[in-house]
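Participant: Can you read through this structure? Questions will come right after.
The values are calculated or read from the model by the stated rules, or taken from the named source; none is laboratory data. Not measured: the values here are computed from a predicted model. Every residue, glycine among them, receives a Cβ derived from its backbone with ideal geometry; neighbour counts consider all protein chains shown. Keep in mind that these areas ignore ligands, DNA and RNA; they rest on the heavy atoms of the full protein, side chains included. Shrake-Rupley method; radii C 1.70, N 1.55, O 1.52, S 1.80 Å.
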Amino acid sequence: MAAGGGKSDDFQPFPVKDQLPGVDFCLSSTPSWPEAVLLGFQHYLVMLGTTVIISSIIVPLMGGGHVEKADVINTVLFVAGINTLLQTLFGSRLPVVIGGSYAFIIPTISIALSRRYSSFVDPHRRFKASMRDVQGSLIVASFFTMVVGFFGFWRIISRFFSPLAAIPLVILTGLGLYAQGFPQLARCIEIGLPALVAVVFLSQYVPHFLKSRRGIFERFAILFSVAIIWAFAEILTAAGAYDNRAPQTQFSCRTDRSGLISAAPWIRFPYPFQWGGPRFNAGDAVAVIAASFVAIIESTGTFITASRYASATPMPPSVLSRGVGWLGVGLLLDGLFGTGSGSTASVENAGLLGLTRVGSRTVIQISALFMLFFSVLGKFGAVLASIPLPIMAALYCVLFAYVASAGLSLLQFCNLNSFRTKFIVGFSVFMGLSVPQYFNQYLLVSGHGPVHTGSTWFNNVMQVIFSSPATVGFIVAFFLDCTHSYGHSSVRRDSGRHWWEKFRNFNTDTRSEEFYSLPANLNRFFPSF
């Protein structure tokens, strides 16, 4: 020991884990049924915020009112329930919710504000006409996504993934949505800030005070926080705290300003082509295809996060490509039913897996049943959808942070003493935040993006791609990882490729079959290569 050996109690690096330890229920396990139902309802509650936000943005621009917004929200929930079941049963098999995507807002707004609708006097007719154009573009984009997934193109690309390239992707999948966090919370600080404090206190501090019941507060902190702060907001509204405030403040703070409860029907079944037959425009379709490309990249970051928090092994490229193919099927359903926007793997629900430490696939399937149930019973769903958005934004501050931290956890596979690693991680994360900030700020100030040519579809394509932090960060990191010091003997180990090597093929590691094989022995007909 005196000759230079370390002491027995010297600190040692934490061992690398390809499965996350400390998870209470992994991908293939299930909590008790009462607990699973409550957890499923909690996942449904979390995905409602994005659904309401996206619908509230696009429907008024398309000419719709409260009735149309309520119908679109119910349609989005209905299709999200179907897509989530399909993804968990036949797609990636991961515990991911497939819901509305912000990536499709730019092309949808471009369609809604098109001059071709200037002749419409009736807002409802204008809404239906613009919705039909959006439907046609989503249907075209769905075939692009299905080809990329089912024909194995994403499998080929993902074979070159390394932990180093995945780090900026996953980090920015969470951090890239920062505008939906505190800025939205601050629209009504008196309910948003208490909601943030409540969810942090109940999930992180109370479990250590009450060790005998720590599982209850860790797993249901979202439900407790929403119930407490929502009741507080109801009291403020009833007491007249917002009676003489600005319209925007009343909309954000009051619990009776969403207009959804009175507009929603008691029972309504969404059905294909409910707004009329789809119409196809080449320029619109190209812009939506660009949005679907962004959705593929962002969903990949969410898939990696979900596999980590479900204590599953890294996804084989064939399974990832299969999941992307079923995202295309989801886009097709979005187009057929008329959701007004495409879908992607929900970032906030992936973060909820980390908060609850429950990565059960069954829980997510139960949440899909809640989506279907409340989409049909419109009044009941509208009550939950009327939760003030600052409360949901408070939840996002925690849930998006969990996704970003999942990306940081991938650093354990890389050589952090390598200057190549430091440059690629730092530069790609910085550019992933800086470039979209430039594009979004330019759009806010000038009313159009920095790429302002005579071709609207080209402008939209550039704006969609470079407004996505995850997409920009991943493109930079993937390019640098594949080209910087290519062929150098240390690159493979520094980027962590050797840790993921055994998961490149489906049958190399026996755990892949446990987590990702299809049900009912369907692998015989749809083998994973």
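Participant: Tell me, which helices (runs of 4 or more DSSP H) lie completely within the stretch 154-216 with 2 or more residues that are under 30 Å from K502 (Cα atoms)?
Facilitator: In the stretch 154-216, the matching helices (runs of 4 or more DSSP H) lie at 163-175.
Participant: I need every pair where a residue in the stretch 411-436 that is farther than 13 Å from V491 by Cβ has its Cβ under 6 Å from the Cβ of a residue that is open to solvent by 60 Å² or more (accessible area, probe 1.4 Å) and of a type outside the set (A, V, I, L, M), sequence separation at least 6 or different chains.
Facilitator: F413/W499; V435/F466
Participant: I'd like the residue in the stretch 90-132 that is under 26 Å from the mean Cα position of the chain (by Cα), under 14 Å from L61 (Cβ atoms) and of a type outside the set (A, V, I, L, M) and, out of all such residues, is surrounded by the fewest Cβ atoms within 10 Å (Cβ to Cβ).
Facilitator: S110
Participant: If I filter the stretch 74-89 for residues that are without any contact (Cβ under 8 Å) to a residue 12 or more places away in the chain and either at negative phi or open to solvent by 30 Å² or more (accessible area, probe 1.4 Å) (or both), do I get at least one hit?
Facilitator: Going residue by residue through the stretch 74-89, those that are without any contact (Cβ under 8 Å) to a residue 12 or more places away in the chain are none.
No, the stretch 74-89 has no match at all.
Participant: Further question: Can you pull out every residue in the stretch 248-270 that is outside any helix (DSSP H, G or I), of a type outside the set (K, R) and closer than 21 Å to G63 by Cα?
Facilitator: Of everything in the stretch 248-270, those that are outside any helix (DSSP H, G or I), of a type outside the set (K, R) and closer than 21 Å to G63 by Cα turn out to be S258, G259, A264, P265, P270.
Participant: So which of A310, A285, A264 ends up being buried (at least 23 other Cβ atoms within 10 Å of the Cβ) and touching a helix residue (DSSP H, G or I) at 6+ places or on another chain (Cβ under 6 Å)?
Facilitator: Values: A310 fails: touching a helix residue (DSSP H, G or I) at 6+ places or on another chain (Cβ under 6 Å); A285 fails: buried (at least 23 other Cβ atoms within 10 Å of the Cβ).
None of the others qualify; the one that does is A264.
Participant: Counting only residues that are free of Cβ contacts under 8 Å to residues at least 12 places away in the same chain and either open to solvent by less than 40 Å² (accessible area, probe 1.4 Å) or under 16 Å from V286 (Cα atoms) (or both), how many does the stretch 459-489 have?
Facilitator: Number satisfying all stated conditions: 1.
Participant: Looking only at the stretch 490-520, which residues are assigned to a helix (DSSP H, G or I) and either free of Cβ contacts under 8 Å to residues at least 40 places away in the same chain or over 24 Å from T313 (Cβ atoms) (or both)?
Facilitator: Within the stretch 490-520, R492, H498, E501, K502, T510, E513, A520 qualify.
Participant: Also, quick follow-up: Could you check, for the stretch 400-410, whether at least one of its residues is within 30 Å of H66 (Cβ to Cβ), hydrophobic (A, V, I, L, M, F, W, C), crowded, with 20+ Cβ neighbours inside 10 Å and modelled with pLDDT under 95?
Facilitator: no
Participant: On the basis of being open to solvent by less than 60 Å² (accessible area, probe 1.4 Å), in contact with a Pro (Cβ under 6 Å, 6 or more places away or on another chain) and modelled with pLDDT of 95 or more, does V324 make the cut?
Facilitator: Answer is no for this residue.
Participant: Given (1) open to solvent by 40 Å² or more (accessible area, probe 1.4 Å); (2) within 28 Å of V72 (Cβ to Cβ); (3) at pLDDT 95 or above, where does F380 come up short, assuming only one miss?
Facilitator: Result: F380 fails condition (3) only.
Participant: For the stretch 160-203, name all the residues that are open to solvent by less than 50 Å² (accessible area, probe 1.4 Å) and among the β-branched types (V, I, T).
Facilitator: Listed by number, the residues that qualify are I167, V170, I171, T173, I191, V199.
Participant: Still on this structure, please answer the following. Taking the criterion of being surrounded by 22 or more Cβ atoms within 10 Å (Cβ to Cβ), in contact with a helix residue (DSSP H, G or I) (Cβ under 6 Å, 6 or more places away or on another chain) and farther than 18 Å from V383 by Cα, would at least one residue in the stretch 14-33 satisfy it?
Facilitator: Within the stretch 14-33 (the criterion being surrounded by 22 or more Cβ atoms within 10 Å (Cβ to Cβ), in contact with a helix residue (DSSP H, G or I) (Cβ under 6 Å, 6 or more places away or on another chain) and farther than 18 Å from V383 by Cα), the answer is yes, since at least one residue qualifies.
Participant: Any residue at all in the stretch 477-487 that's charged (D, E, K, R), modelled with pLDDT of 85 or more and on the phi < 0 side of the Ramachandran plot?
Facilitator: yes
Participant: Follow-up. So, in the stretch 204-229, of the ones that are within 27 Å of Q250 (Cβ to Cβ) and over 24 Å from the mean Cα position of the chain (by Cα), which residue ends up least open to solvent (accessible area, probe 1.4 Å)? Spell out how you get there, then give the answer.
Facilitator: First, pick out the residues of the stretch 204-229 that are within 27 Å of Q250 (Cβ to Cβ): 222-229.
If we keep only those that are over 24 Å from the mean Cα position of the chain (by Cα) too, we end up with 228-229.
Values: I228: 99, I229: 11 Å².
The selected residue is I229.
Participant: If you don't mind, there's one more thing I want to ask. For the stretch 440-489, which residues satisfy the criterion of being closer than 23 Å to I424 by Cα, part of a loop (DSSP other than H, G, I, E, B) and touching a helix residue (DSSP H, G or I) at 6+ places or on another chain (Cβ under 8 Å)?
Facilitator: Passing the criteria: S467, S468, H484, S485.
Participant: With the checklist (1) under 25 Å from I296 (Cα atoms); (2) open to solvent by less than 80 Å² (accessible area, probe 1.4 Å) in hand, flag the one item T456 doesn't pass.
Facilitator: With respect to (1) under 25 Å from I296 (Cα atoms); (2) open to solvent by less than 80 Å² (accessible area, probe 1.4 Å), T456 is out only on (2).
Participant: Right, something else. Test of understanding: among D24, D71, D18, which residue is of a type outside the set (V, I, T) and at pLDDT below 90?
Facilitator: D18
Participant: Which of the residues spanning the stretch 137-153 are more than 19 Å from the chain's Cα centre (by Cα), open to solvent by less than 10 Å² (accessible area, probe 1.4 Å) and modelled with pLDDT of 95 or more?
Facilitator: Within the stretch 137-153, S137 is the sole residue that qualifies.
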